[in-house]
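Structure first, then comments.
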Amino acid sequence: MIASDNICAIATAIGGAIGVIRVSGPEAVGIVAGVFSKDISQAKGYTMHHGYIEGIDEVIVTVCRAPHSYTGEDTVEISCHGSAYILSQVLNLLVEKGCRLAGPGEFTKRAYLNGKMDLSQAEAVADVIASQTAVQHRVAMQQMRGGISSKLQVLRDELLHLTSLLELELDFSDHEELEFADRTELEKLADTINNEIQRLSSSFREGNAIKNGIPVAIIGAPNVGKSTLLNALLHDDRAIVSDIQGTTRDLIEDTMTIGGYLFRFIDTAGIRNTDDTIEQMGIERSLKAAEKAQIIILLADEKSPFPDIQEKEHQQIVYVINKSDKLKPDHQNLHSALEISALHGSGIKELEERLLSIATSSSNAGADGVIITNQRHKQALDTAATDIQRAMQSMHMGLTGDLISEDLRLCINHLSDILGGTITTNEVLGNIFKNFCVGK
């Protein structure tokens, strides 16, 4: 699906030493040749040319020929100085020669439409650009290189094999004794596929946490040192620290990278009985934050015990006793709690190691390390799981092959949605690419 028009955009941040303008389309080379001091109309792909653009700047022009380019079209990149004035002047010249300004993610959208990558890989491009930690980058790069695509392709091939056997039986329906698909083996294979779809779907919890930060709620009674602990973990005076009870009345949130993982720490209002309406609202928010957190740091000290917080599914509680420098020698350490002094910094490193251990040990990734980070993929997998479970139920009930095959084909279609195999509307594509940066 080669586009008929030509697009251009700045592909780098403005203000740097070097700026890059990307041009793509059937006449990209000719358009750039019209503003460049050298004739590159016959230039081969993967070649670089030094020259000038109409007295504006000294530049390097890189030519990539279709289909061996990022977009699959003829593509030219102009490397010039990063001045906002220079970049805007070059863009104006390109528009005068027949280009239009590209929209968000339009180069990557063209790469998808031209078959250079599937939709899951295209979406991963934005995640690579947005990655802030080593783990975010690793997961996004794996997806961009086809990790999810390869996994889903295997599942689709297995499902197609099942449906082909079932539909072959339909072609020989006059011979009822023929059974190309052994029902016992069919159910085993369907169960294996269902388990893998379920695993991929459940990995979204981990993938979403990696992408947006692992939520960690700091919960405890007033004055046990929650705000001091937040500041110690962030290595910054982020929260106000006071001996006055009820100082923290709203959630305070900030992020910190530990061992390549992004943690989202949430300081909460102290939990206690109070008649103060505003403080009560803060405590209610604290309890809601605890429900949503993946990790809860339950904080106590020598005067205030641990609050009664129940660990929910997919949650882990880390029991921490603060103000270790004030603990009596004969105190009882319940829950084998980690003893720290948030004020003096002792035990903070051990707490960070405990949090990192939880993050790495709760992985839902398979042997290939593939996890889901995209809500759209999660929804498609959940629907595909419903389809194959319905097919498995039909097998168990002994229903005819045509009914089973229909559910299997629905499952294939929903897996294909992730890769873009059945997506054709501009509305869906526009929604996916609208958050991309211009120039990518």
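Some notes on this structure:
- Relative to the current alpha-carbon distance between Arg199 and Lys303, full extension at 0.36 nm per residue lengthens the span by 33.0 nm.
- With every protein chain in place and a 1.4 angstrom probe, the accessible-area ranking of His396, His81, largest first, reads His396, His81.
- Cα principal axis extents for the stretch 103-146, largest first, Å: 30, 22, 9
- At most 15 other Cβ within 10 Å, DSSP loop - trypsin sites (Lys or Arg not before Pro), the stretch 283-353: Lys303, Lys312
- Percent accessible area from carbon and sulfur atoms, the stretch 365-407, protein chains only, probe 1.4 Å: 53
- Checking every one of the trypsin sites (Lys or Arg not before Pro) in the stretch 40-135 against DSSP loop status and a limit of 13 other Cβ atoms within 10 Å picks out Lys44.
- Computed over the chain, relative contact order equals 17 percent, with contacts defined as Cα pairs under 8 Å that lie 6+ residues apart.
- Calculated mean residue ellipticity at 222 nm for the chain: -14000 deg cm²/dmol, from DSSP H runs with n ≥ 4 weighted as -39500 (n - 2.57), summed, divided by the residue count and rounded to 500.
- Of Leu343, Leu298, the order by accessible heavy-atom surface (1.4 Å probe, DNA, RNA and ligands excluded), from most exposed downward, is Leu343, Leu298.
- Other residues lying with their Cβ under 14 Å from the Cβ of Gln121 contribute a combined charge of +4, Lys and Arg counting +1, Asp and Glu -1.
- Computed over the Cα atoms of the chain, the ratio of the radius of gyration to the Kirkwood radius (Rg/Rh) comes to 1.10.
- Integer Hz, Karplus 6.51/-1.76/1.60 couplings in order for the stretch 99-112, x for Gly and Pro: 7, 10, 5, 6, x, x, x, 5, 5, 5, 4, 5, 4, 5
- For Ile297, the residues whose amide H sits under 5 Å from its own are Ala217, Ile218, Ile219, Val318, ignoring neighbours fewer than 5 places away on the same chain, with H placed 1.01 Å from N.
- Net length gained if the chain between Glu185 and Arg376 were fully extended (0.36 nm per residue, minus Cα distance): 65.6 nm
- Whole-angstrom gap from the stretch 145-168 to the stretch 1-44, using each part's C-alpha centre: 40
- For the chain, leaving out every one of the GluC sites (Glu not before Pro) that falls in a DSSP loop and has at most 11 other Cβ atoms within 10 Å, the longest unbroken run is 1-175.
- Note that the stretch 403-411 has calculated 3J(HN,Hα) couplings of 5, 5, 4, 4, 5, 5, 5, 4, 4 Hz, one per residue in order, obtained from phi through the Karplus relation 6.51 cos²θ - 1.76 cosθ + 1.60 (θ = phi - 60°); glycine and proline are x.
- The phi torsions of the stretch 384-392, fed into the Karplus equation with coefficients 6.51, -1.76 and 1.60 and a -60° offset, translate into couplings of 4, 5, 4, 4, 6, 5, 5, 5, 5 Hz, rounded to whole numbers, with Gly and Pro shown as x.
- Phe436 sits among other residues whose Cβ lies under 14 Å from its own Cβ, and their net charge, with Lys and Arg +1 and Asp and Glu -1, is +2.
- Bins of 10 Å from zero: percent of alpha-carbon pairs in the stretch 19-152: 12, 36, 31, 17, 3, 0
- Absence of a disulfide-compatible partner, taken as no other cysteine beta carbon within less than 4.7 angstrom, is noted in the chain for Cys64, Cys80, Cys411, Cys437.
- Hypothetical label at Tyr52: residues of the stretch 20-38 whose amide nitrogen lies under 19 Å (7 Å Cα-Cβ projection): 32-38
The values are calculated or read from the model by the stated rules, or taken from the named source; none is laboratory data. Because the structure is a prediction, the values reported are computed rather than measured. Positions of Cβ are backbone-derived with ideal geometry, glycine not excepted, and every protein chain shown enters the neighbour counts. These area figures cover heavy atoms from the full protein model, side chains too; ligands, DNA and RNA do not enter into them. Shrake-Rupley method; radii C 1.70, N 1.55, O 1.52, S 1.80 Å.
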